[in-house]
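The values are calculated or read from the model by the stated rules, or taken from the named source; none is laboratory data. Here the structure is a predicted model, which means the values were calculated and not measured. Cβ placement follows ideal geometry from the backbone for every residue including glycine, while neighbour counts extend to all protein chains displayed.
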Amino acid sequence: MERRDVVIIGGGPAGLAAAVELKKRNIADVLIIEREKQLGGILRQCIHDGFGLTRFGESFSGPEYSQRFIDEAAALGIDAMTNATVIDLSPDKVVTVAAQDGLKRIQANAVILAMGCRERTRGALAIPGSRPSGIYTAGVAQSYMNLYNTMVGKEIVIMGSGDIGLIMARRFTLEGAHVKAVFEVLPYPSGLPRNIEQCLNDYDIPLYLSHSVINIVGDKRIEGVEVAQVDARMNPISGTNRYFPCDTLILSVGLIPENELSLAAGVELDVRTKGAFVDESHQTSVPGVFAAGNVLHVHDLVDFVSLEAESLAESAAQFIREGELPACGIALTPSPEIGHIIPQKISGTRDFQLSLRVRKPVGKCKIVVRQGEREIKSVSLPKAIPAEMIQFAVSCEKISSGEPIEVSVYER
Amino acid sequence: MSDKRTFTCIVCPNGCTIETVFDGDKILEINGQQCKRGEEYVRQELTDPRRTIASSVPISGATLPLCSVRLTKAIPKREIFNVMREINKVRLAAPVSIGHVVIQDVCGLGSDVIVTKNLPKATEA
Ligand SMILES: Cc1cc2nc3c(=O)[nH]c(=O)nc-3n(C[C@H](O)[C@H](O)[C@H](O)COP(=O)(O)OP(=O)(O)OC[C@H]3O[C@@H](n4cnc5c(N)ncnc54)[C@H](O)[C@@H]3O)c2cc1C
Ligand code: SF4
């Protein structure tokens, strides 16, 4: 069986950044395995700009951002197998690949999970009515329009206010389609404020909060949707029904980490992130298996994906050299107001980066990291919203061993 | 005469909510921006709002039928659809690479339309 120091599953921004950083740390034997014909991941279809402001201090489109990493990987001579899908990963790190020349098995010392995420369709499945054509998820519509030159429709309604749906609302409008409205079931938008501003407000596209599509009308092709306002429990309020004729319904109801392979390898998943439980090195519950990017927790900004993947390289390199990493016995748990945190456990002997999302929007607030009675770190914020991931560094100085750490948010 | 308006700064992903009181294009009070680019943004919005845009154009001879493009500089908001009309006239032939100028100084606005994807000829790919 072929042997490799590191196999990286997925050649998107996370996989590429991890590969480059490993190579820079003198781990020479790295292989990226990518299902698509090209490297670059989902960013190949994200043609709008705004990428790289944090990582490079410049605004690029998605393909340009990816290309920087693809070029760097090529310059460093990193091996990449494209058109090859990993179909199984065993707990002892045997990677099974379906490649063009047949099935292959590779024994890896370390594996980096970087498979990204997929789009949710939940919510849409529950809507009554027929299932005519003309219903797409935002990401699929994005690939049709931006990669394959197929316009999905002319009269468009968008369900869900996720960022990809917002970006697509602007894209449809620029290409001459009419976006009638965006409906969000929650009382606040799930996309970033800047996307509400530059993708909806700039083009006078109305956003209806606390509204849901309750019926889909149409036989072969969708002809319209029935929409109603919802109450605090998200039940439709009678008498608020309205009909919107349309030829296309776009779903932008969130993303979910792609973790079938992780499960096959016996990696424990966190019900909050839908990704792996990881320690401060981004090592999962299976020693030598690491995770970064959208497969771990859904990111809104690729810049943070790259930084996260780069940061795990040091530990992965240490694992290759020493065969193990320091034990991480201190559990981190979020308070109920916080949706999820990464990492979920730490050693207490190293500084680490904490990522979290709040469950509901809060105004001026303080995020506090506490071990028992002791405050380890606190960060004041002008506001916190679920659409925005919050990240900050935590020093290990005040952390003692054993006792769990809690992360809470206090509105002020 | 002074007016109040709340802005969402789009300069960076923080998306600060900026409360302002202004008189014409003069800012009298401003609160909420986390950095000074926020104030510049509000001033620009009051006098001459600008945006960048991205699109894609047909390409022949490549592995994909479309090639993505973007503007190098923001243009006045009201010119967006005029610029889109110019972009929609463009036809490319492979190979092209990132940074290739497709339209120089589009509509005389001081911004170029450039390619944002490397697309080699289909046979080379
Ligand atoms: C439709 C969509 C639009 C988005 N738009 C934006 C945006 O505008 N701005 C932004 O900052 N972020 C955006 N995001 C978030 C975006 O996912 C991240 O910015 C970034 O691309 C995540 O990088 P990644 O490497 O984790 O995942 P991805 O880019 O998704 O890369 C994962 C790669 O793994 C490959 N893969 C998966 N499973 C296997 C397997 N079994 N075998 C082999 N290869 C496999 C996939 O083909 C893919 O290339 C978007 C996400 C989606 C889904
Ligand atoms: S004010 Fe500064 S920090 Fe806030 S969104 Fe604008 S550029 Fe970003």
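The set of residues in the stretch A:317-342 being surrounded by 23 or more Cβ atoms within 10 Å (Cβ to Cβ) and in contact with a His (Cβ under 8 Å, 6 or more places away or on another chain) consists of A:ILE342 alone. Criterion applied to A:ILE70, A:ILE47 was being more than 18 Å from B:LEU64 (Cα to Cα), aliphatic (A, V, I, L, M) and surrounded by 15 or more Cβ atoms within 10 Å (Cβ to Cβ), and the one residue passing it is A:ILE70. Applying a threshold of 9 Å to beta carbon distances and a minimum spacing of six or more residues, or different chains, the list of pairs starting in the stretch A:131-144 at a residue that is within 23 Å of A:GLU226 (Cβ to Cβ) and ending at one that is among the acidic types (Asp, Glu) and not in a helix (DSSP H, G or I) reads A:PRO132/A:ASP219; A:PRO132/A:GLU223; A:GLY134/A:GLU223; A:GLY134/A:ASP247; A:THR137/A:GLU119; A:ALA138/A:GLU119.
Conditions (1) of a type in the set (S, T, N, Q); (2) within 12 Å of another protein chain (Cβ to nearest Cβ); (3) within 11 Å of ligand 1 (Cβ to nearest atom), marked per residue:
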{"position": "A:VAL20", "(1), (2), (3)": "no, no, no"}
{"position": "A:LYS24", "(1), (2), (3)": "no, no, no"}
{"position": "A:ALA28", "(1), (2), (3)": "no, no, no"}
{"position": "A:ILE33", "(1), (2), (3)": "no, no, yes"}
{"position": "A:PRO63", "(1), (2), (3)": "no, yes, no"}
{"position": "A:SER66", "(1), (2), (3)": "yes, yes, yes"}
{"position": "A:ILE70", "(1), (2), (3)": "no, yes, no"}
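Would you say A:VAL298 is within 12 Å of ligand 1 (Cβ to nearest atom), assigned by TED's automatic domain parsing to the domain that holds A:ALA265, part of a helix (DSSP H, G or I) and farther than 20 Å from A:GLY348 by Cβ?
Working: within 12 Å of ligand 1 (Cβ to nearest atom): yes; assigned by TED's automatic domain parsing to the domain that holds A:ALA265: yes; part of a helix (DSSP H, G or I): no; farther than 20 Å from A:GLY348 by Cβ: yes.
Answer is no for this residue.
When the residues of the stretch A:256-294 are narrowed to those that are surrounded by fewer than 20 Cβ atoms within 10 Å (Cβ to Cβ), within 13 Å of ligand 1 (Cβ to nearest atom) and within 17 Å of the chain's Cα centre (by Cα), which ends up nearest to the other protein chains (Cβ to nearest Cβ)? Once the filter is applied, the top-ranked residue is A:ILE256. Quick check: anything in the stretch A:28-35 surrounded by fewer than 20 Cβ atoms within 10 Å (Cβ to Cβ), outside any strand (DSSP E or B) and in contact with a Ser or Thr (Cβ under 7 Å, 6 or more places away or on another chain)? Yes, because at least one residue in the stretch A:28-35 is surrounded by fewer than 20 Cβ atoms within 10 Å (Cβ to Cβ), outside any strand (DSSP E or B) and in contact with a Ser or Thr (Cβ under 7 Å, 6 or more places away or on another chain). Taking every residue in the stretch A:52-68 that is assigned by TED's automatic domain parsing to the domain that holds A:PHE304 and more than 15 Å from ligand 2 (Cβ to nearest atom) and pairing it with any residue that is aromatic (Phe, Trp, Tyr) and assigned to a loop (DSSP other than H, G, I, E, B), at least 6 positions away or on another chain, the pairs with Cβ-Cβ distances below 9 Å are A:TYR65/A:PHE56; A:ARG68/A:PHE56. When A:MET151 is tested against the conditions (1) more than 12 Å from every other protein chain (Cβ to nearest Cβ); (2) at pLDDT below 95, the lone failure is (1).
Looking only at residues that are more than 27 Å from B:ASN82 (Cβ to Cβ) and of a type in the set (Ser, Thr, Tyr) in the stretch B:17-62, which one is farthest from ligand 1 (Cβ to nearest atom)? Here the answer is B:THR20.
If I filter the stretch B:28-53 down to residues being facing chain A (nearest Cβ under 9 Å) and in contact with a helix residue (DSSP H, G or I) (Cβ under 8 Å, 6 or more places away or on another chain), which single residue comes out as nearest to B:LYS117 (Cα to Cα)? Only one residue fits best here, namely B:ILE53.
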